[in-house]
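Quick notes on the structure that follows.
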Protein chains: 2
Amino acid sequence: MRFIEKLADIQNQNHSWLCIGLDPQLDKLPAAVQPQDEPFLPFCKAIVDATADLVCAYKPNLAFFMAQGAAGMIALERVMRYVPAGIPVILDAKLGDIGSTAEQYARAAFEAFGADAVTVQPYIGGDCVRPFLAYADKGIFLLARTSNPGAGDFQDLRVDGTPLYQRVVARAREWHAAGPGTCGLVVGATYPAELEAVRALAPDQPFLIPGVGAQGGDLAAAVQHGPTAQGLGPVINASRAVLYASRGVRIPEGGADFAEAARAAALQLRDAINAQREAHT
Amino acid sequence: MRFIEKLADIQNQNHSWLCIGLDPQLDKLPAAVQPQDEPFLPFCKAIVDATADLVCAYKPNLAFFMAQGAAGMIALERVMRYVPAGIPVILDAKLGDIGSTAEQYARAAFEAFGADAVTVQPYIGGDCVRPFLAYADKGIFLLARTSNPGAGDFQDLRVDGTPLYQRVVARAREWHAAGPGTCGLVVGATYPAELEAVRALAPDQPFLIPGVGAQGGDLAAAVQHGPTAQGLGPVINASRAVLYASRGVRIPEGGADFAEAARAAALQLRDAINAQREAHT
């Protein structure tokens, strides 16, 4: 099954465009899992168990697992395999390397770690993107417009009057058309005008939209400009706002209710997205 | 000790600007290590043992290890710890993410895996680069001009008449000056004219130069434009040409002589670099 079909199916089944980012940090974990030998795994499993009927995807971020060395990578491998089969897993690793090495990254993401999709950097060029798109049933989300305050440093530079990120989108549209894999785009909810511009340039490509939740992005814009022309919904990601809902993001304490609190936060976000969807139909 | 001091010391001691890229691939490993449970580790250790007096750095590439899943990451951790203390290890992972996540990548590279330097992507913006430069004794090599055939797809786009990669270099110069960590640059030997242009724009920043060896880059240009104004030599990387010297890169057979063959290839490259150095003084 192609990635976009898997995504469409779960979006319908769970009536959800919400993706939960799995970004575990030792110093933010609730007290209930802190004493365990490898707390990332029970923490992430509990989050998945508590939210699997509310999401359209999970998005573990490589950085948080790799910060714990090889032990963290064992947890990543197991967390990714733990996600129920019908829910896509997007490995957020922002990968990119020259062609022969990009093949290894594609193998890492799609085969070794079993991801359905992976985030990819554009700077190196088209030959760093193609090896990922050789997997017909998999997808990538190419960084177009990121959600951070410094996103404009390079992405807004004008090339013949057009911002660089729009040049990236123009190429990504070709790559998506060429396939066979799906070439989606990362567009931050913190930049609603750019979100609209990217959708106008790339009507057919699925969006991964970070920046709602803790980063304060524009949910209405994400919902309005998120869907493709074919009606596939965006993948709207929240991480900290869900994971650390029990005690706020800066307090490591937190009882056994962390999973219930995460579920409540996920439910609220899913419903907020769905309320926006109804407002736009 | 700062990264550039460590690099300068070993360049003097080993009279070498050669870096060996540790890019192990299961189907290219010599027959002598194939039967072992985790062949990456004995293979890389044998390469390090055979060449440690000939190099100024080792550069393991994350993609090749991650392609073997968490088991490959255990090998990466151990290989990086195995390199003798005086030799810098550059983790080639082409990392980049928004600020709070970039902090996790910096922790991963410099603390969990013990790297002296790491390669970093520019596209996301300055706030994805700063967390890496917060480590005073560590370094990054920011992608400026990569060695692949498609490097020009985005890097050559004109911004007010200037190629994008030169805009990246201009910002990197500021970041290097701000410190406290070292902001070096990746410039491929396959683009000698761009190598010269980057050196003119960034006289003080160390270069990591891939693309000699199997990619056929211009060694003379790498040597001529590689050193900083202060006389720090470039880090000139070869991977396949050294690792798989025993039987050529496409033949997995190969006897116990693979380490000797790698040493001979490394010696030849180091001496070829040094011959160019003498030709340019």
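The values are calculated or read from the model by the stated rules, or taken from the named source; none is laboratory data. Note that the structure is predicted; figures quoted are calculated from it, not measured. Note that we place each Cβ from the backbone using ideal geometry, even for glycine, and neighbour counts take in every protein chain shown. In case anyone asks, the SASA skips ligands and DNA or RNA and just uses the protein heavy atoms, side chains included. Shrake-Rupley method; radii C 1.70, N 1.55, O 1.52, S 1.80 Å.
Figures for the structure shown
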| item | result |
| --- | --- |
| Where labels lie 7 Å past Cα in the beta-carbon direction, separation of B:GLN34 and A:ALA279 in nm | 6.3 |
| Probe 1.4 Å, all protein chains present, accessible-area order of A:THR190, B:THR228, largest first | A:THR190, B:THR228 |
| Computed Kirkwood radius, in angstrom, where 1/r is averaged over Cα pairs of chain A | 18.8 |
| Amide H partners (placed H, <5 Å) of B:LEU22, local residues excluded | B:LYS59, B:ASN61 |
| Prolate/oblate/rounded call for the stretch B:44-98, Cα gyration tensor, a/c under 1.5 rounded | oblate |
| B:ARG81-A:ASP257 pseudo-label distance in nm [points 7 Å out on the Cα-to-Cβ vector] | 4.1 |
| Between B and A, accessible area buried - total, square angstrom, nearest 100, 1.4 angstrom probe | 5000 |
| Kirkwood-Stokes translational diffusion coefficient of the protein assembly as shown, alpha-carbon pairs, 4 °C, 1.567 mPa s, µm²/s | 54 |
| Euclidean distance of C-alpha centroids, the stretch B:137-156 and the stretch B:170-201, integer Å | 9 |
| 0 to 90° range, to nearest 10: angle between helix A:3-13 axis and chain A longest Cα axis | 50 |
| Fully extended contour minus Cα-Cα distance, from B:GLN230 to B:GLU5, at 0.36 nm per residue | 79.8 nm |
| Cβ-vector label at 7 Å, A:ARG2, separations to other copies in nm | 5.4 |
| Per residue accessible area of chain B, 1.4 Å probe, in Å² | 34 |
| Max mean-square fluctuation residue, GNM over chain B, Cα-Cα springs under 10 Å, options B:ASP257, B:ASP218, B:ASP137 | B:ASP257 |
| Per-residue ³J(HN,Hα) for the stretch A:126-142, Karplus 6.51 cos²θ - 1.76 cosθ + 1.60, θ = phi - 60°, Hz, x for Gly and Pro | x, 6, 8, 9, 4, x, 6, 7, 6, 8, 4, 8, 10, x, 10, 10, 7 |
| Unit charges on C-beta of K, R, D, E only; dipole of chain A, Debye | 180 |
| Area accessible to solvent at A:HIS225, 1.4 Å probe radius, in Å² | 30 |
| Sequence of A:ARG130, B:ARG263, A:ARG145, B:ARG270 when ordered by accessible area, the most exposed leading, probe 1.4 angstrom | A:ARG130, B:ARG263, B:ARG270, A:ARG145 |
| Net charge of Cβ neighbours under 12 Å - reference A:MET73; Lys, Arg +1; Asp, Glu -1 | -2 |
| Distances in nm from A:GLN36 to the matching label points in the other copies, shortest first (labels 7 Å along Cα to Cβ) | 3.4 |
| 222 nm mean residue ellipticity, helices alone, for chain A (DSSP H n ≥ 4; -39,500 (n - 2.57); rounded to 500) | -12000 deg cm²/dmol |
| Inter-chain shielding of B:4-17 (mean C-beta neighbours from other protein chains, 10 Å cut-off) | 0 |
| Label distances, nm, A:ARG81 versus same residue in remaining copies, Cβ-directed 7 Å point | 2.3 |
| Over 19 Å (Cα to Cα) - which of B:LYS45/B:LYS138; A:LYS59/A:LYS138; A:LYS6/A:LYS59; B:LYS6/B:LYS138; A:LYS6/A:LYS94 fall in this group | B:LYS45/B:LYS138; A:LYS6/A:LYS94 |
| Prolate/oblate/rounded label for the stretch A:120-277 (Cα gyration tensor, a/c 1.5) | prolate |
| Label point 7 Å beyond Cα of A:ALA178 along Cβ direction - residues of the stretch A:139-162 with amide nitrogen under 19 Å | A:139-144 |
| Percent accessible area from carbon and sulfur atoms, chain A, protein chains only, probe 1.4 Å | 49 |
